[in-house]
Amino acid sequence: MADNPSALTLTRVRLGAGGPLARVRVADGRITHVVLEADAGAEGAGERQLDLGGRVLLPGLWDAHVHLGEWASARHRLDLAGTASARAVAELVRERAGVADGAVLYGYGFRDGLWADAPHKGLLDAVLPDRPVALVSADLHAAWLNSACLALVGRGDHPTGLIREHEAHEVLSALPAAPDDVVDGWIEDACWAAAARGVSGVIDFQFGDTVADWERRSAHFRPAVRVSAAVYPSYLDAAVKRGLRTGDAVGAEGGLVRVGPLKLFTDGSLNTRTALCRDPYPGLEGTDGAHGIEETAPDELVRLMRHAAAHGIEPAVHAIGDRANTVALDAFETVRCRGRIEHAQLLSPQDLPRFAQLGVTAGVQPRHATDDRDVADRHWAGRTERAFPYGDLLAAGARLEFGSDAPVSPLDPWLAIASAVIRTDDERPAWHPEQRLSVPDALVAAARGRRLIRVGDPADLVAVDADPLDADPDTLRAMPVHATMTNGRWTHGPY
């Protein structure tokens, strides 16, 4: 092994959860050598070595579904998580009214699926009538505005101020935004925070021209994580015209930022009761939208997927309800392309084997299963044995990749791993424990399929202070991350 000034050998590392002591050499952003400590000789003696003291070394973790702009911004907004009613939210707005700066008071994180009262502009008008208030739901599928904010976006005649789905995205896009340099700074900080939890890469599904946004950012800072930047339909033709394909490097950071998949939607969400389902939502029988909404017609879905796939851009199709997942899988079968289904929250039994048969990855967010168990029990009553069916998907041969959907859930892969393994986040028994995954399988899903640390792989690694195989639930959720390396560079830790 020739001396290389960029080379570093990590000594006395546990090679994976429950693994033996080994040495791992990295150089030029790649893993070049893996050898058990018992078999190690004097190779590389003149190069840098770092003793990790028996810590467990794992492949770098990914968050395969984030909205980085929303997540970074949410960290600076009024936190509505855990509020139990619309009136409780209004009280938080009242308390914040005299403190927050800026023209619009933004809040994030309300979940109204179980509330006894309904969000209404009048509640916000009563506590803050003159300043625009824009509150975003935890699932990013609804916006709750007061009258001043509705007038600001030209929707002054809206009856309730609670706006859902694509109309909500339109309204939020019309509101004043923080300057690009401010948001970019928030995103840079959020990437470092992700690296501190062992993250080496993300798929960024932020709404907008995400590729162009990351090309701009990469000219100003080197992200602490790899970024796969999604393409939205409005920008598909421009991407095709540029010859961009999924996986192509873009920007100034030599491979850290790449073109991601085309994001498409078949339906809405569970919390807004807009996920497209075969059975009606309890209490909505016989009404418009009783089964949820169809966001994209099947023929149009096929057309967009075919157009993208013909130019090397893989589709990522949002599908939550069982009917929506069937529509998405049917489209993949028609187009005959590889790609992803995002969420896959409620599945028909006959659709389980189709993921593997069609080569479609299930991009899932295990924290949603524990966060939404009560909402699912109410609105998918009698069907929850088919909800968030990770064990069944894995048994059917599907490839699972974990994400957070941040800011819907925190950008922390260990929360996803723990939720997949334990299926509860509180003192209650596991919710549908038959769908639990083993720790090794959960780690693979959190590392985008990397099970081993192998020669030739990118030098994306995370060293942790506890062995995940031996960790109790609290330790697994709050896994102490000692250091993170991405592309051969330390992005977290004491080095």
Filtering segment 17-53 for residues that are among the aliphatic types (A, V, I, L, M), at pLDDT 95 or above and assigned to a loop (DSSP other than H, G, I, E, B) leaves a count of 2
Any hit, segment 225-240, residues being out of contact with any Leu (no Cβ under 8 Å at 6 or more places or on another chain), in a loop (DSSP other than H, G, I, E, B) and farther than 26 Å from Ala459 by Cα:
no
Has segment 244-254 got any residue that is without any contact (Cβ under 8 Å) to a residue 40 or more places away in the chain and touching a Pro at 6+ places or on another chain (Cβ under 8 Å)?
yes
Which residue pairs have Cβ atoms under 6 Å apart, sit 6 or more places apart or on different chains, and have a first residue in segment 104-118 that is under 12 Å from Leu128 (Cβ atoms) and a second that is open to solvent by 10 Å² or more (accessible area, probe 1.4 Å) and in a strand (DSSP E or B)?
Gly107/Leu78
Based on what the data block shows, is Gly122 at pLDDT 95 or above, more than 26 Å from Asp467 (Cα to Cα) and assigned to a helix (DSSP H, G or I)?
yes
Scan Gly247, Gly198 and give me the residue that is more than 18 Å from Ile313 (Cα to Cα) and under 21 Å from the mean Cα position of the chain (by Cα).
Gly198
Here is a list: Ala88, Ala134. Which entry is within 30 Å of the chain's Cα centre (by Cα) and crowded, with 22+ Cβ neighbours inside 10 Å?
Ala134
Of the numbered conditions (1) within 22 Å of the chain's Cα centre (by Cα); (2) open to solvent by 70 Å² or more (accessible area, probe 1.4 Å), Lys263 satisfies every one except a single condition; which is it?
(2)
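This table checks each residue for (1) open to solvent by 40 Å² or more (accessible area, probe 1.4 Å); (2) aliphatic (A, V, I, L, M); (3) at pLDDT 95 or above.
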{"residue": "Leu276", "(1), (2), (3)": "no, yes, yes"}
{"residue": "Pro280", "(1), (2), (3)": "yes, no, yes"}
{"residue": "Gly289", "(1), (2), (3)": "no, no, no"}
{"residue": "Glu294", "(1), (2), (3)": "yes, no, yes"}
{"residue": "Ala297", "(1), (2), (3)": "yes, yes, yes"}
{"residue": "Arg303", "(1), (2), (3)": "yes, no, yes"}
{"residue": "Arg306", "(1), (2), (3)": "yes, no, yes"}
{"residue": "His311", "(1), (2), (3)": "yes, no, yes"}
Of the residues that sit in segment 370-428 and are basic (Lys, Arg) and under 19 Å from the mean Cα position of the chain (by Cα), which one is least open to solvent (accessible area, probe 1.4 Å)?
Arg423
Counting only residues that are open to solvent by 20 Å² or more (accessible area, probe 1.4 Å) and over 15 Å from the mean Cα position of the chain (by Cα), segment 176-195 contains a total of 13
(1) within 17 Å of the chain's Cα centre (by Cα); (2) more than 24 Å from Leu264 (Cβ to Cβ); (3) open to solvent by 10 Å² or more (accessible area, probe 1.4 Å): which one isn't true of Gly208, the others all being true?
(2)
Filter segment 216-243 down to residues that are in contact with a Gly (Cβ under 8 Å, 6 or more places away or on another chain) and open to solvent by less than 50 Å² (accessible area, probe 1.4 Å), then give me how many there are.
10
Give the residues of segment 63-85 that are open to solvent by 40 Å² or more (accessible area, probe 1.4 Å) and either among the hydroxyl-bearing types (Ser, Thr, Tyr) or not in a strand (DSSP E or B) (or both), sorted by residue number.
Trp71, Arg75, His76, Arg77, Ala81, Gly82, Ala84
So, of the residues in segment 137-153 that are under 26 Å from the mean Cα position of the chain (by Cα) and without any contact (Cβ under 8 Å) to a residue 60 or more places away in the chain, which turns out to be surrounded by the fewest Cβ atoms within 10 Å (Cβ to Cβ)?
Ala143
Does Leu270 meet the test of being part of a helix (DSSP H, G or I) and of a type outside the set (Gly, Ala, Ser)?
no
Yes/no for Gly255 being open to solvent by less than 40 Å² (accessible area, probe 1.4 Å), in a loop (DSSP other than H, G, I, E, B), modelled with pLDDT under 95 and of a type outside the set (D, E, K, R)
yes
Scan segment 235-280 for residues that are out of contact with any strand residue (DSSP E or B) (no Cβ under 8 Å at 6 or more places or on another chain) and farther than 29 Å from Gly109 by Cα and jot them down.
Asp237, Ala238, Val240, Lys241, Arg242, Gly243, Ala252, Glu253, Gly254
Considering only strands (runs of 3 or more DSSP E) fully contained in segment 431-495, which possess at least 1 residues that are crowded, with 18+ Cβ neighbours inside 10 Å, touching a Leu at 6+ places or on another chain (Cβ under 9 Å) and not hydroxyl-bearing (Ser, Thr, Tyr)?
461-464, 481-486
Would you pick out the residues in segment 131-186 that are assigned to a loop (DSSP other than H, G, I, E, B), closer than 25 Å to Thr83 by Cα, of a type in the set (A, V, I, L, M) and touching a Ser or Thr at 6+ places or on another chain (Cβ under 9 Å)?
Ala138, Leu140
Can you tell me which residue among Gly60, Gly107 is open to solvent by less than 40 Å² (accessible area, probe 1.4 Å) and within 25 Å of Asp374 (Cα to Cα)?
Gly107
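The values are calculated or read from the model by the stated rules, or taken from the named source; none is laboratory data. These numbers come from a predicted model, not from an experiment. With ideal geometry, Cβ positions are generated from the backbone for all residues, glycine too; neighbour counts draw on all protein chains shown. Remember, those area values only see protein heavy atoms, side chains included, never the ligands or the DNA or RNA. Shrake-Rupley method; radii C 1.70, N 1.55, O 1.52, S 1.80 Å.
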